[in-house]
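The values are calculated or read from the model by the stated rules, or taken from the named source; none is laboratory data. Nothing here was measured: the structure is a model prediction, and the numbers come from that model. Cβ sites come from the backbone with ideal geometry, for glycine too, and all protein chains shown count toward neighbours. Areas reflect the complete protein model, heavy atoms only, side chains present, ligands, DNA and RNA absent. Shrake-Rupley method; radii C 1.70, N 1.55, O 1.52, S 1.80 Å.
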Amino acid sequence: GVRIFGVHIKNFSGTGFGLNPVTGAQQTTLKTNIIVEDCIFTDSSTTSKFSCAIYLPCYQYGTKILNNHVENITSVVTTTAGEIYGIIVGKKYDTMTGRTGESGSYGYNGTSIATAEGSTVISGNTVRKLRGVSTDLENAVTGILVDGWRCIVTSNVVEDIQYIGAGAYGSSGIGIYARGFEHVIANNAIADCTSDQVTIKQSVSVTYGDTLQ
């Protein structure tokens, strides 16, 4: 496995990513335990279409994202897109190959899960002050996005997640966005989101004990 501990990354506007260990075709082959713990990702203003502080795409088994701080991530794109995310485990688009609507995750083909296996834990993180605009995706500004099966998202602070544009997706700005199967979203403190504090795209996922303001 890989452990990333105690780093501080500021202004990752060049690539759009604070942490993104694999890109392209490698996203379909990475099957390793990754721990990201006690890291800080702050103060990035990007002109990229898509920016995310911690982005672990797919085939992530045993992922742990613990006690990190993400703050002040902004897109200055003012045309068609300016997507800003704090933490993503899984994939973000609704049209990934093999997807079967809301009944599965982005990598779900009816028999197996291709993203964010059940041992994924996202806990103790603070994600705050995200700003972006997009006419492409309803969830274009999201604090934490998790996709897969039986992932645990607990004891996080997510606040001030703001969509600052206009148009069809003017309601974007989501604290925690869960796709896939049987996630547990529990005991998070979520506040000041333009749209929803928690959006769950699968009815068998559960949420309880969250503080919504």
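Among the protein heavy atoms, those of Lys10 account for about 120 Å² of accessible surface (1.4 Å probe, every chain in place). Using a simple spin-label model with pseudo-atoms 7 Å out from Cα toward Cβ, Val184 and Arg150 lie 1.0 nm apart. For Ile4, the residues whose amide H sits under 5 Å from its own are Ile35, Val36, Glu37, ignoring neighbours fewer than 5 places away on the same chain, with H placed 1.01 Å from N.
Available extension along the chain between Ser45 and Asn33 is 1.3 nm, counting 0.36 nm per residue and deducting the alpha carbon span. Between the amide H of Ser45 and those of Ser13, Thr74, distances stay under 5 Å, these residues lying 5 or more places away or on another chain, with hydrogens modeled in the peptide plane.
Stretching the chain fully between Ile4 and Asn72 yields a gain of 22.4 nm (0.36 nm per residue, less the alpha carbon separation). Applied to region 41-48, the Karplus parametrisation 6.51 cos²θ - 1.76 cosθ + 1.60 on θ = phi - 60° returns per-residue 3J(HN,Hα) values of 10, 9, 6, 10, 10, 10, 9, 6 Hz, with x for Gly and Pro.
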